[in-house]
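Contents: one structure, followed by commentary.
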Amino acid sequence: MGQRVKELRRAAGMAQSDLATAMGRSESWVSQVERGVQPVERLSVLQALADALKVSVRELRPEAAAPVQEAEPADLPPSNDLDGLRVALTGHPALGSLFDQPPAEPAPSLADFRQSVDEAWTLAHAASYAAMSDHLARLLPSIEAAVRHAPASERAELHSLRAKAYQVAAASFTRQDQADAAWVAADRALQAAELAGQPLEVVASLFRMAHAFMRQQHMEQAEQAAKSAVAVMAPRAEAPACPPEELSLLGAMNLVLAVINAREGNRGETHAHIARAREIAARLGEDRNDFDTEFGPTNVEIHAVSTAVELGDAGLALEVAQQVAPAGLSPERQARFLLDVARAHAQRRHVGEATAALLEAEALTPEQIHDHHLARELIRDLIQLSEPRVPESLRELAERSAVG
């Protein structure tokens, strides 16, 4: 099926981005279909895909035109998209509770919810989005029902856990190029954090919202979200006894502002925010993971590399990268660092070095590298740079990522 979609798309002279636009889907979804990672089972989706390719359903998938026995769930390949999680965000999260309907099954304990939220973040930091989507699609409805039926003494913590769960969803949607859903998840995290009476969780939710806005190219809104947090937290950070959790959030928001300014070409503001983040990281003195931001000295330097690449300063990016030891951070952060190193090498037309960095990143987080829009764009650029003698390792990476 995936190979057939690729053949018909190429025959129609369409890029993956063209087909994605025609389908109202993300480019990563098209890539997953062509790699056979994302199954297409519903006839309505098959019809939409055929329409976008300007072929019949029979031509796209001959067996779909004839009545077939419904496949057992176990027979279907696992989905790598976040569709199940998107469904979990649709509509009111616990409508039955408004009509006094009791939960369908007993609610897990607070300890169980804590563990489930931690597991969700572990999967997200590993860029295991398929498993994370399934996990959150079960967790979110459960915790939404629980918070509405729990005794008053448990509701504040349940709201806090609900905020954390939606933050995981927002971060994952952003990384998978589904910024519209990321915004919805971040907004729900904000509301839950405020109900929990946890202002720092509110700031953490704003952090996720700012990333969603950046992915949508809404830089003014992203900047407003980040600046609103910095305006409140910066004066608090002047106190010598400011808690490290607050410092981490302030530092993370400065990194957001650095990325925004780098993408807009504001070199001075970019360097100023990186410098401020370095000061905060030095004050912390260690890599931390407060509110799952992974803020600390190492992540600051990873952002210094990323922003230098955005500004076109490949030499500076590679110079800083030589001093970075990211092994203590999550696989997602390590892979994103290697992706930016590869981008810097590509700016200098170093195809071999860029390919090697991409392959190292793929070994850490294959889902992330196969689906991330920057990785896919880079693979295309490297192929163009190296034609007609495309390295075999690069060609194979393009095949695994369904780039073409």
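Among the residues of the stretch 379-402, how many are aliphatic (A, V, I, L, M) and surrounded by fewer than 23 Cβ atoms within 10 Å (Cβ to Cβ)?
From the stretch 379-402, those aliphatic (A, V, I, L, M) are 379, 382-383, 385, 390, 394, 397-398, 402; that's our starting set.
In the following step, the residues that additionally are surrounded by fewer than 23 Cβ atoms within 10 Å (Cβ to Cβ) were identified as 383, 385, 390, 394, 397-398.
So the count comes out to 6.
Got a sec? Which of ALA225, ALA229 is under 20 Å from the mean Cα position of the chain (by Cα), closer than 23 Å to ARG162 by Cβ and modelled with pLDDT of 95 or more?
ALA225
Within the bounds of the stretch 242-249, is there any residue that is assigned by TED's automatic domain parsing to the domain that holds ALA325 and farther than 24 Å from ARG162 by Cα?
yes
Can you confirm whether ARG208 is modelled with pLDDT under 95 and crowded, with 16+ Cβ neighbours inside 10 Å?
Details: modelled with pLDDT under 95: no; crowded, with 16+ Cβ neighbours inside 10 Å: yes.
No.
Being assigned by TED's automatic domain parsing to the domain that holds SER401, closer than 23 Å to LEU397 by Cβ and in a helix (DSSP H, G or I) narrows it down to one of LEU318, LEU358, so name that one.
Working: LEU318 fails: assigned by TED's automatic domain parsing to the domain that holds SER401.
LEU358 is the lone residue from the list that is assigned by TED's automatic domain parsing to the domain that holds SER401, closer than 23 Å to LEU397 by Cβ and in a helix (DSSP H, G or I).
Just wondering, is there one or more residues in the stretch 259-270 that are β-branched (Val, Ile, Thr) and not assigned by TED's automatic domain parsing to the domain that holds ILE302?
Keep residues of the stretch 259-270 that are β-branched (Val, Ile, Thr), which gives 259-260, 270.
Checking which are not assigned by TED's automatic domain parsing to the domain that holds ILE302 leaves us with none.
There is no residue in the stretch 259-270 that is β-branched (Val, Ile, Thr) and not assigned by TED's automatic domain parsing to the domain that holds ILE302.
Considering the stretch 220-229 alone, what residues qualify as being under 17 Å from PRO199 (Cβ atoms) and surrounded by 19 or more Cβ atoms within 10 Å (Cβ to Cβ)?
ALA225, ALA226, ALA229
Scan the stretch 300-315 for residues that are acidic (Asp, Glu) and under 22 Å from ARG283 (Cβ atoms) and report the count.
The first filter runs over the stretch 300-315 and keeps only residues acidic (Asp, Glu), leaving 301, 310, 313.
Filter once more, keeping what is under 22 Å from ARG283 (Cβ atoms): 301.
Matching residues across the stretch 300-315 total 1.
Within the stretch 377-400, can one find any residue that is under 16 Å from the mean Cα position of the chain (by Cα) and small (Gly, Ala, Ser)?
First, the residues of the stretch 377-400 that are under 16 Å from the mean Cα position of the chain (by Cα): none.
No, because not a single residue in the stretch 377-400 is under 16 Å from the mean Cα position of the chain (by Cα) and small (Gly, Ala, Ser).
Quick check on this structure: which one of ALA156, ALA165 is assigned by TED's automatic domain parsing to the domain that holds ALA107 and buried (at least 19 other Cβ atoms within 10 Å of the Cβ)?
That would be ALA165, the only listed residue that is assigned by TED's automatic domain parsing to the domain that holds ALA107 and buried (at least 19 other Cβ atoms within 10 Å of the Cβ).
Of all residues in the stretch 252-295, how many are among the small types (Gly, Ala, Ser) and touching a residue at least 24 places away in the same chain (Cβ under 8 Å)?
The total comes to 6.
For the stretch 333-368, which residues satisfy the criterion of being hydrophobic (A, V, I, L, M, F, W, C) and closer than 24 Å to ARG288 by Cα?
Selection gives ALA335, PHE337, LEU338, LEU339, VAL341, ALA361, LEU364.
How many residues, within the stretch 29-50, are closer than 20 Å to ARG400 by Cβ, of a type in the set (S, T, N, Q) and at pLDDT 75 or above?
Start the filter on the stretch 29-50 by keeping residues that are closer than 20 Å to ARG400 by Cβ, which leaves 29-40.
The next check asks that each one be of a type in the set (S, T, N, Q); those that pass are 31-32, 38.
If we keep only those that are at pLDDT 75 or above as well, we get 31-32.
Residues in the stretch 29-50 being closer than 20 Å to ARG400 by Cβ, of a type in the set (S, T, N, Q) and at pLDDT 75 or above: 2 in total.
Residues are listed down the side, and each one gets a yes or a no for (1) crowded, with 21+ Cβ neighbours inside 10 Å; (2) under 19 Å from ASP381 (Cβ atoms):
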position	(1), (2)
VAL309	yes, yes
GLY312	no, yes
LEU316	no, no
GLN323	no, no
ALA327	no, no
ARG336	yes, yes
ARG343	yes, yes
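Quick check on this structure: which one of VAL300, VAL403, VAL390 is at pLDDT 95 or above and either part of a helix (DSSP H, G or I) or closer than 30 Å to MET14 by Cβ (or both)?
Unique residue meeting the criteria: VAL300.
Take VAL403 and decide whether it is out of contact with any Phe, Trp or Tyr (no Cβ under 6 Å at 6 or more places or on another chain), touching a residue at least 40 places away in the same chain (Cβ under 8 Å) and of a type in the set (A, V, I, L, M, F, W, C).
The answer is yes for VAL403.
Go through the stretch 361-386 and count every residue that is assigned to a helix (DSSP H, G or I) and in contact with a Pro (Cβ under 9 Å, 6 or more places away or on another chain).
3
Of everything in the stretch 283-297, what is in a helix (DSSP H, G or I) and either aliphatic (A, V, I, L, M) or closer than 9 Å to LEU255 by Cβ (or both)? Give them in sequence order.
Residue satisfying the conditions is LEU284 alone.
Given the criteria buried (at least 21 other Cβ atoms within 10 Å of the Cβ), of a type in the set (Phe, Trp, Tyr) and farther than 23 Å from LEU359 by Cβ, does PHE295 qualify?
For PHE295, the condition - buried (at least 21 other Cβ atoms within 10 Å of the Cβ), of a type in the set (Phe, Trp, Tyr) and farther than 23 Å from LEU359 by Cβ - is met.
Among the residues in the stretch 113-121, are any within 30 Å of GLN368 (Cα to Cα), under 14 Å from the mean Cα position of the chain (by Cα) and assigned to a helix (DSSP H, G or I)?
Within the stretch 113-121, one or more residues are within 30 Å of GLN368 (Cα to Cα), under 14 Å from the mean Cα position of the chain (by Cα) and assigned to a helix (DSSP H, G or I).
Could you grab me the full set of residues in the stretch 58-95 that are closer than 22 Å to HIS135 by Cβ and modelled with pLDDT of 80 or more?
LEU85, ARG86, VAL87, ALA88, LEU89, THR90, GLY91, HIS92, PRO93, ALA94
Select from the stretch 9-44 the residues that are basic (Lys, Arg), out of contact with any helix residue (DSSP H, G or I) (no Cβ under 7 Å at 6 or more places or on another chain) and within 18 Å of GLU377 (Cα to Cα) and list them in ascending order.
ARG10, ARG25 - these are the residues of the stretch 9-44 that are basic (Lys, Arg), out of contact with any helix residue (DSSP H, G or I) (no Cβ under 7 Å at 6 or more places or on another chain) and within 18 Å of GLU377 (Cα to Cα).
The values are calculated or read from the model by the stated rules, or taken from the named source; none is laboratory data. Being a predicted model, the structure only gives us computed values, none of them experimental. Ideal geometry is used to build each Cβ from the backbone, glycine not excepted, and the neighbour counts take in all protein chains shown.
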